1. Checking PRO72 against (1) crowded, with 16+ Cβ neighbours inside 10 Å; (2) within 27 Å of SER405 (Cα to Cα); (3) at pLDDT 90 or above: exactly one of these is not met. Which one?
2. From the list ASP107, ASP90, pick out the single residue that is touching a residue at least 12 places away in the same chain (Cβ under 8 Å), touching a Phe, Trp or Tyr at 6+ places or on another chain (Cβ under 7 Å) and within 30 Å of GLU323 (Cβ to Cβ).
3. Got a number for residues in segment 160-179 being surrounded by 13 or more Cβ atoms within 10 Å (Cβ to Cβ) and either at pLDDT below 75 or part of a loop (DSSP other than H, G, I, E, B) (or both)?
4. Given the criterion surrounded by 14 or more Cβ atoms within 10 Å (Cβ to Cβ), over 21 Å from PRO411 (Cα atoms) and at pLDDT 95 or above, identify the matching residue among TYR190, TYR182.
5. Conditions: (1) modelled with pLDDT of 95 or more; (2) over 25 Å from ARG375 (Cβ atoms); (3) not hydroxyl-bearing (Ser, Thr, Tyr). VAL296 meets all but one. Number of the miss?
6. Select from segment 349-359 the residues that are in a loop (DSSP other than H, G, I, E, B) and either more than 10 Å from ligand 2 (Cβ to nearest atom) or assigned by TED's automatic domain parsing to the domain that holds CYS240 (or both) and list them in ascending order.
7. For segment 1-57, which positions are of a type in the set (A, V, I, L, M) and within 30 Å of TYR140 (Cα to Cα)?
8. Please go through segment 330-352 and give me each residue that is over 21 Å from the mean Cα position of the chain (by Cα), modelled with pLDDT of 95 or more and within 8 Å of ligand 3 (Cβ to nearest atom), ordered by number.
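The values are calculated or read from the model by the stated rules, or taken from the named source; none is laboratory data. No experiment lies behind these values; they were computed from the predicted model shown. Note: ideal-geometry Cβ built from the backbone for every residue, glycine included; neighbour counts use all protein chains shown.
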Amino acid sequence: MHLELTARRLVTGTLVFVLLATVLLVVLPFFRLRHLEAPEGLHPYTDAQLRGREEYLRQGCVYCHSQQPRDPSQAPDMKRGWGRPSVPADYVYDTPHQLGTMRTGPDLFNIGARQPSAAWHLGHLYQPRAYVAGSNMPAYPFLFEVKAEAEAGETTVAVPPQFAPATGVIVAKRAALDLVQYMVGLDHTYPAISPHPKQGAAGPLLLPTKDPAVLADIKVGTAIVRDGVPGAGVAACAGCHGQHAEGNAAIGGPRLAGQSDMYLDAQLAAYADGRRKDPIMLPVAKGLSPDQRRAVAVYLSRLSPPGAAAGPPPEHAVLERGERLAWFGDEALHVQGCVNCHGPAGTGEPPTIPYLAGQSESFLGASLHAWRDGRRNTDPSGQMTQIAKNLGDADIAAIAAYYASQTPPSPVAEAGQPPVTGKKR
Ligand code: HEC
Ligand code: HEC
Ligand code: HEC
């Protein structure tokens, strides 16, 4: 009897576990990702490339090669020259995808950009050690034929003399040619499109709530962002910060969405009392009553629109310097890494420390200059002023470019938590 109960529990428990895992790992990702659109810079595979990918599968290249550069917080893939972290949209034409997990050889996500020469690829496939001494990649001579001479239309492969056959020429078979077409087609160097799914496809744009006080703030805040406060001479925030506060790089209006309500409220107060000097925001902040400021801050903190359109990717060297400063700082300049306070991925430490990831280059640059010139005096510890004073113009530009290329955080992660200023009431 007892045994039967235990067995029943075991079976039920197992079934529930499998069901949960399926929902988490299969069903949810499917719904999150099914609305992905192809990035502009990504082209569908040609027939030859599709055949080449079949060959890639058949030869098991995936067992040694990945096609998924990781985020700098997980691995230094960008420094290895493998490219920016991949996002789901990069794989829209890949069924089945060839992500791979093993990295006996380099990541091939951008091999077409790194090594565009078909002749090199053919030779390397025929004999890797002819190109990279000591390579432990297997040779694939069976994808080639050695003949007395090539016929019309056939592709011959030139390899260094010590690796060439004693007599005759090496001719690439169709499989080798297809495989190389696939290799040189792997080029994902276009700018990443935001991994955030389209509005409404997954996480809501506005964090849901049933708290009546928060609902009232959201109502007031929505109206202020859309229309401003005409009677008090306050222009609509949307005009300069974007429809959903996603930021407006052209005007230098920062992204406000998802920044903590306490931080936003404090900044509005600082503009109003002159601790933060900005001729544009001064009349806006002064025109809002303390209640209106708090309400709009609560509303903004609960928004999670996709990132604003990113510009062209910055130069590799600039990005590298910015990344270095962000993670390690620069001892010679007496600047500590921004990660120490702004979080490893620059996603902030709410409620007091703002996120930097996904802010525009123009705003981040202007902001650091404002700290440096003393136009902003909102950090009681004085740390930000000191850091900005120790940074030169080039370093400010580099760090701005780096954080602008990162993904902004989404408040959806903290769903269910009341706003900070809401808690105090
Ligand atoms: C046993 C592991 C292994 C397998 C299987 C393997 N490779 Fe490699 N591959 C490597 C290693 C190690 C390197 C680095 C040394 C070199 O370039 O030869 C490499 C390098 C490469 C490079 C050059 C990458 C660069 O960044 O320069 C290409 C292209 C490549 N492999 C394609 C393939 C293809 C296509 C297949 C399947 C037909 C394949 N590899 C199978 C281990 C492997
Ligand atoms: C005419 C354009 C304009 C309008 C309208 C405007 N802003 Fe701004 N806002 C800016 C600019 C530009 C900055 C950056 C100024 C700076 O560097 O300090 C800014 C900065 C801010 C900041 C500081 C954010 C941060 O991360 O440091 C807050 C908060 C803010 N605005 C809120 C609002 C709200 C709320 C409204 C509507 C009631 C509004 N703004 C309307 C242009 C505008
Ligand atoms: C010791 C902690 C600390 C470190 C280290 C630090 N920051 Fe900050 N930073 C802050 C605080 C606190 C604020 C918010 C101050 C306030 O309330 O206005 C801030 C604000 C900012 C802002 C304004 C953002 C906005 O939305 O207005 C920028 C830009 C910034 N930091 C950049 C950096 C960079 C770049 C580094 C690394 C070189 C860095 N910070 C390192 C504490 C730090």
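1. (3)
2. On the way: ASP90 fails: touching a Phe, Trp or Tyr at 6+ places or on another chain (Cβ under 7 Å).
From the options ASP107, ASP90, the qualifying one is ASP107.
3. 3
4. Numbers: TYR190 fails: at pLDDT 95 or above.
It is TYR182.
5. (2)
6. Step one: list which residues in segment 349-359 are in a loop (DSSP other than H, G, I, E, B), which gives 350-352, 354-359.
Selection gives PRO350, PRO351, THR352, ALA357, GLY358.
7. Step one: filter segment 1-57 for residues of a type in the set (A, V, I, L, M), giving 1, 3, 5, 7, 10-11, 15-16, 18-21, 23-28, 33, 36, 38, 42, 48, 50, 57.
LEU42, ALA48, LEU50, LEU57 - these are the residues of segment 1-57 that are of a type in the set (A, V, I, L, M) and within 30 Å of TYR140 (Cα to Cα).
8. VAL335, GLN336
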